[in-house]
1. What does the average come to when, for each residue of peptide B:50-62, you count the partner chain Cβ atoms lying within 10 Å of its Cβ?
2. To the nearest 0.05, what FRET efficiency results for B:E129 and B:Y84 with a Förster distance of 30 Å applied to their C-beta separation?
3. Sorted by packing (mean other beta-carbon atoms within 10 Å per residue), highest first, where do A:80-86, A:232-238 land?
4. In percent, how large is the relative contact order of the range A:243-323, given Cα pairs closer than 8 Å and 6 or more residues apart?
5. Would you tally the net charge around B:K138, using a Cβ to Cβ cut-off of less than 15 Å, leaving B:K138 out, and scoring K and R as +1, D and E as -1?
6. As a footprinting exposure proxy, order A:E52, A:E41, B:E173, A:E209 by other Cβ within 10 Å, with the fewest listed first.
7. Under a straight-distance cross-link criterion of Cα-Cα below 24 Å, which lysines are reachable from B:K100, leaving out those fewer than 8 residues away in the same chain?
8. For each of A:Y91, A:Y444, count neighbouring Cβ atoms within 10 Å of the residue's Cβ, then give the residues from fewest to most.
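Throughout, read-outs are computed from the coordinates displayed, never taken from laboratory work. A quick note: this is a predicted structure, and the numbers were derived from the prediction, not measured. Every residue, glycine among them, receives a Cβ derived from its backbone with ideal geometry; neighbour counts consider all protein chains shown.
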Amino acid sequence: MNHSINRVVVVGGGTAGWLSAGIIAAEHYSSQNDFELYLIESPDIPTIGVGEGTWPSMRSTLKKMGISETDFFRECSASFKQGTQFYNWTYGKGETYSHPFTAPHHFNDKNLAPHWQTIREETPFADAVCPQMPLINNQLAPKDITTPEYAFNVNYGYHLDAGKFAELLRKHCVKQLGVKHISANMTAINSTEEGDIQSIETDSSGTIEGDLFIDCSGTRALLIGEHFKIPTLSKKKYLFNDSALAAQVAYETAEDPIQSCTLSTAQSAGWIWDIGLPTRRGIGHVYSSQYNSEENARAELLAYIKDTAGEKAAEKASIRKITFDPGHREKFWHKNCVAIGMSAGFIEPLEASALVLVELSAAMVAEQLPANRKIMDIVAKRFNEKFSYRWNRIIDFIKLHYILSKRADTAYWVDNCRADSVPESLQELIDIWHYQVPWHRDCYHIDEMFPSASFQYVLYGMDFKTQMNPMSKRTDRQAGMQAQAMFVENSKIAQRLAASMPTNRELINKIYKYGLQKI
Amino acid sequence: MSNYVVLSPETHHDTRVLTEPGKTQADVVQFTMTHPLEFRNIQACYPIFFSKSRDTGEFFPLALFGFEQGENLFIDQFQWHASYIPMMIERQPFLIGYQKTADDTTNPVVSIDTNSPKVSDSEGQLLFEANQPTDYMKGIMSKLEALHHGHEHNKGFISAITENDLLEPFTLEITLNNGTTNQLMGFYTINEHRLLELGGDTLSEFNQKGYLQPIYMAVASYARIKDLIDKKNALSK
């Protein structure tokens, strides 16, 4: 029980497998030590390619792995994602709001949200506090060709082609990070007396021994589910969506603008995502099978494609169906096995939490890689606590979008606001925010997934009313004048950025041609 | 705005160019682009730094003349006081391009910026006489060709130094005798630590390709910053 942990075995390729391998190997691989990382990938099972949107965290993840951002853009059909734009979520009457990645102006030391309450009729919240908005509204880039790799003028993550991304990661892991790629099917699992996984039998590459096994086998969950029988906790009572119809849609011309955000448009019983890559758009409808038929969901999706890309595009679209049971494992790290990716859990893609959870999980494994088997159980316990907490925060944050909606046109929207469908932790926050605006101390942890800025964008984007305490000094006249000056300053910065940034397409074409500089 | 048109004796037989550097507003610039083949001459007079093209993000070397936009400390009373004038200043108001002909040979094509303050109808050097280029124009032609050659060489030089991480950003803050401060930002210099770490193979390759000497020329040129500060101090007395 006291042997050291030198050999990590990742089971499963795809983005989760290769991203985990890259993050862990980048931290530990060296010609000077005994660390080894194997990745077993079945040549027969296609990857599902989940997650075409990332958080800004992906920039530092890629940088840390030593991947050039220029190569990433050139090889993964990547584009810039500056946040999410929501349509029809609040009233279903053509209204829109944004959740940009850049925090409100002066967010560290000044909370502008209380002061915005006085101008809420004139200016949408995000436009008043975030300099990123004109860029988002005009399909402009978050940087220009002189900005170094991974640096930015305003914060951004990516949209990407998941298949191409896994391929780039594979090449980089094998060539630069010493990852040993085994293309074989798993046939059996051998256990130690204590119940750990000792090794994995394969059909064509013999027995692969390991000290720590990472289950990236997707929904099949070969290790954590099939072998260890760790149950999944269903979250369907909070998040109703369990089906998706995904399509790829061509641009009309090679010059069509590339959107700066994921577009999310609410439907009768779900919502449609619209992700712009340089090469195509990824458009899909995620819905609840309990409230919508596949036939109707398909009709809504085709209507959206027709509206935004034309009749021809709608006729040509080939649609793939995905079903899922929203939820996550009761625990993610059991014995000497950690589940990362869809083996750990899956919920609807609103706010694109899939890839960021892979990044966070792999980063924690990398950072806390137990020195020996003895302390692994402690690390596992802490890992499980942290990620159970994170899944709950993601569920709260996604659910927030539904309970703020004032739509009552279908049972789906009405039922989403039923008290028994709202997690208690979320209901408490809402109760508080009726009387005070979200601020730094609303978050418990330093590495919280959603900062209070995100809650502000969604709450005030969706017309939530906070009844300010009239006794509060925060709203006095002097503070109000200071806030006014900041609104003006923000608007000036926004105008300057909009005048100087290239369009997404211009910048991406320049990156293809000239590359971004490292400094 | 510049307006470049193809140069021809038919159109430009009466056109003249003011050749003295510093005489017109065209030369009142903070820096000009240079290339490694003239670094030896540049470093005798000017600091050599690097900057990024606004259009492509690619690095280019430059000779620095001042601490702020539109400041050229080498010009006084419409005269440029330095023993060497950078080629990119001397070539003005001309540009050279190359055209591929049907039989696959390349022909140089010279253009002139008719909006340049250096272009005149009454003063300066004639470009053509009796439909033939004047000696001045012949001199410009050979300078333009040398410049083209220099810029081609520069492409390999820039790739070599960026691939080896030899550039680093820097900020220079100078305080003048009268107490005012000037900040120079957005430029890049040779990273001397990285330079000293280069291995034998790289050094040998750099040497063969003519990259090693200009790197050290650029390093040596930093001593010229003091000349610029002295000039600025003399001005702000």
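1. Details: counts 0, 1, 7, 3, 4, 5, 7, 13, 5, 3, 0, 0, 0.
Partner-chain Cβ atoms within 10 Å, mean over residues of B:50-62: 4.
2. Working: r = 29 Å, r/R0 = 0.97.
Efficiency computed from Cβ-Cβ geometry: 0.55.
3. On the way: A:80-86: 25.1, A:232-238: 16.6.
Result, highest mean first: A:80-86, A:232-238.
4. Working: 132 pairs, mean separation 31.9, N = 81.
This gives 39 percent for the range A:243-323.
5. Details: positive: B:R91, B:K143; negative: B:E90, B:E129, B:D135, B:E145.
Summing Lys and Arg as +1 and Asp and Glu as -1 gives -2.
6. Details: A:E52 28, A:E41 24, B:E173 9, A:E209 14.
Ascending number of Cβ neighbours within 10 Å: B:E173, A:E209, A:E41, A:E52.
7. Answer for B:K100, where 24 Å is the Cα cut-off: A:K513, B:K138, B:K143, B:K155, listed by chain and number.
8. On the way: A:Y91 15, A:Y444 8.
Fewest to most other Cβ atoms nearby, the residues stand as A:Y444, A:Y91.
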